[in-house]
Amino acid sequence: MLTELEIVERCLLLFSRPGRWTQKTCARDRQGKPVPVFSQEARAFDIEGAIRRAAGQDDRGAYARFVKIIKGQLGKQPFDWNDQTGRTQKEVCRMLEDLADEFRFKEVA
(Lines give C-alpha, C1' and ligand atoms only; values in the text may rest on other atoms or scores of the structure.)
Protein backbone atom coordinates (compact mmCIF):
# COMPACT_ATOMS: atom_id res chain seq x y z
CA MET A 1 0.00 0.00 0.00
CA LEU A 2 1.29 3.45 -0.93
CA THR A 3 1.66 6.26 1.58
CA GLU A 4 -0.66 9.26 1.39
CA LEU A 5 2.24 11.38 0.07
CA GLU A 6 2.93 8.86 -2.70
CA ILE A 7 -0.74 8.87 -3.70
CA VAL A 8 -0.88 12.67 -3.82
CA GLU A 9 2.32 12.81 -5.87
CA ARG A 10 0.82 10.32 -8.34
CA CYS A 11 -2.33 12.46 -8.55
CA LEU A 12 -0.17 15.47 -9.38
CA LEU A 13 1.46 13.45 -12.16
CA LEU A 14 -1.97 12.54 -13.51
CA PHE A 15 -2.90 16.24 -13.60
CA SER A 16 0.48 17.45 -14.89
CA ARG A 17 -0.88 17.93 -18.42
CA PRO A 18 -3.82 20.10 -19.47
CA GLY A 19 -7.03 18.22 -20.08
CA ARG A 20 -6.31 15.43 -17.58
CA TRP A 21 -8.87 16.72 -15.06
CA THR A 22 -12.65 16.46 -15.28
CA GLN A 23 -15.84 17.09 -13.34
CA LYS A 24 -19.11 15.25 -12.65
CA THR A 25 -17.62 11.75 -13.08
CA CYS A 26 -14.57 9.87 -11.81
CA ALA A 27 -13.01 9.28 -15.23
CA ARG A 28 -13.48 10.05 -18.92
CA ASP A 29 -11.96 8.72 -22.13
CA ARG A 30 -10.37 10.84 -24.90
CA GLN A 31 -13.81 11.69 -26.29
CA GLY A 32 -15.12 12.82 -22.90
CA LYS A 33 -17.31 9.77 -22.33
CA PRO A 34 -17.47 8.52 -18.71
CA VAL A 35 -15.50 5.29 -18.19
CA PRO A 36 -14.47 3.23 -15.15
CA VAL A 37 -11.49 4.66 -13.20
CA PHE A 38 -9.30 1.63 -13.89
CA SER A 39 -10.22 1.41 -17.57
CA GLN A 40 -7.32 1.58 -20.03
CA GLU A 41 -9.32 4.22 -21.90
CA ALA A 42 -9.46 6.58 -18.89
CA ARG A 43 -7.56 9.79 -19.66
CA ALA A 44 -9.15 12.49 -17.46
CA PHE A 45 -10.04 12.18 -13.78
CA ASP A 46 -11.85 14.12 -11.11
CA ILE A 47 -10.27 14.29 -7.66
CA GLU A 48 -11.91 11.04 -6.52
CA GLY A 49 -10.92 9.22 -9.70
CA ALA A 50 -7.35 10.49 -9.50
CA ILE A 51 -6.95 9.32 -5.91
CA ARG A 52 -8.44 5.91 -6.69
CA ARG A 53 -6.30 5.51 -9.84
CA ALA A 54 -3.13 6.74 -8.10
CA ALA A 55 -3.64 4.36 -5.16
CA GLY A 56 -4.22 1.39 -7.46
CA GLN A 57 -6.89 -1.28 -7.68
CA ASP A 58 -5.68 -3.09 -4.58
CA ASP A 59 -6.19 -0.07 -2.30
CA ARG A 60 -9.95 0.37 -2.53
CA GLY A 61 -10.06 2.42 0.70
CA ALA A 62 -7.69 5.19 -0.41
CA TYR A 63 -10.39 7.71 -1.29
CA ALA A 64 -12.21 7.09 2.00
CA ARG A 65 -8.99 7.92 3.88
CA PHE A 66 -8.56 11.13 1.91
CA VAL A 67 -12.13 12.40 2.34
CA LYS A 68 -11.56 13.38 5.96
CA ILE A 69 -8.18 14.98 5.23
CA ILE A 70 -9.36 16.97 2.23
CA LYS A 71 -12.65 17.94 3.87
CA GLY A 72 -10.68 19.37 6.79
CA GLN A 73 -8.59 21.41 4.37
CA LEU A 74 -11.42 22.60 2.11
CA GLY A 75 -14.40 22.66 4.45
CA LYS A 76 -16.52 20.55 2.07
CA GLN A 77 -16.62 17.12 0.49
CA PRO A 78 -13.84 16.70 -2.12
CA PHE A 79 -16.21 15.67 -4.91
CA ASP A 80 -18.45 18.70 -4.25
CA TRP A 81 -15.42 20.98 -4.27
CA ASN A 82 -14.10 19.37 -7.47
CA ASP A 83 -17.45 19.74 -9.25
CA GLN A 84 -18.07 23.36 -8.24
CA THR A 85 -18.85 25.57 -11.23
CA GLY A 86 -15.80 27.59 -12.24
CA ARG A 87 -13.30 25.20 -10.61
CA THR A 88 -10.11 24.71 -12.64
CA GLN A 89 -7.46 22.04 -12.99
CA LYS A 90 -4.92 24.54 -11.68
CA GLU A 91 -6.91 24.99 -8.45
CA VAL A 92 -7.09 21.23 -7.98
CA CYS A 93 -3.33 20.94 -8.48
CA ARG A 94 -2.68 23.74 -5.98
CA MET A 95 -4.81 22.00 -3.38
CA LEU A 96 -2.96 18.71 -3.97
CA GLU A 97 0.41 20.50 -3.78
CA ASP A 98 -0.60 22.01 -0.42
CA LEU A 99 -1.65 18.57 0.77
CA ALA A 100 1.67 17.07 -0.38
CA ASP A 101 3.52 19.78 1.54
CA GLU A 102 1.58 18.87 4.69
CA PHE A 103 2.46 15.18 4.28
CA ARG A 104 6.14 16.04 3.67
CA PHE A 105 6.20 18.18 6.81
CA LYS A 106 4.73 15.33 8.86
CA GLU A 107 7.40 12.95 7.53
CA VAL A 108 10.20 15.33 8.61
CA ALA A 109 8.72 16.17 12.02
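The values are calculated or read from the model by the stated rules, or taken from the named source; none is laboratory data. Worth saying up front: this structure is predicted, and the values here are computed from it rather than measured. FYI the Cβ positions are ideal-geometry reconstructions off the backbone, even for glycines, and counts take in every protein chain you see. In case anyone asks, the SASA skips ligands and DNA or RNA and just uses the protein heavy atoms, side chains included. Shrake-Rupley method; radii C 1.70, N 1.55, O 1.52, S 1.80 Å.
Describe numerically, in nm with one decimal, the distance between label points set 7 Å from Cα along Cα→Cβ at residue 67 and at residue 94.
2.7 nm
Quick one: angle between helix 4-14 and the longest Cα principal axis of the chain, in degrees between 0 and 90, rounded to 10, please.
30 degrees
Report the gain in length on full extension from residue 23 to residue 3: 0.36 nm times residue separation, minus Cα-Cα distance, nm rounded to one decimal.
4.7 nm
Which whole-number value in Å² is the accessible area per residue of the chain, probe 1.4 Å?
For the chain, the solvent-accessible area averages 59 Å² per residue.
Just the Cα atoms of the stretch 1-99: what Rg and Dmax do they give in Å?
Taking only Cα atoms of the stretch 1-99, I get Rg and Dmax of 12.2, 34 Å.
Quick check: at a probe of 1.4 Å, how many percent of the accessible area of the stretch 1-95 sits on carbon and sulfur atoms?
49 percent
Among 50-56, 63-69, what's the highest-first ranking by average C-beta atoms within 10 angstrom per residue?
Going from most to least packed, we get 50-56, 63-69.
Between the helical axis of 62-74 and the dominant principal axis of the chain, each derived from Cα atoms, what acute angle in degrees is found, rounded to the nearest 10?
70 degrees
About its Cα centre, what dipole magnitude does the chain give when the only charges are +1 on Lys and Arg Cβ and -1 on Asp and Glu Cβ, stated in debye to the nearest 20?
Roughly 380 debye for the chain.
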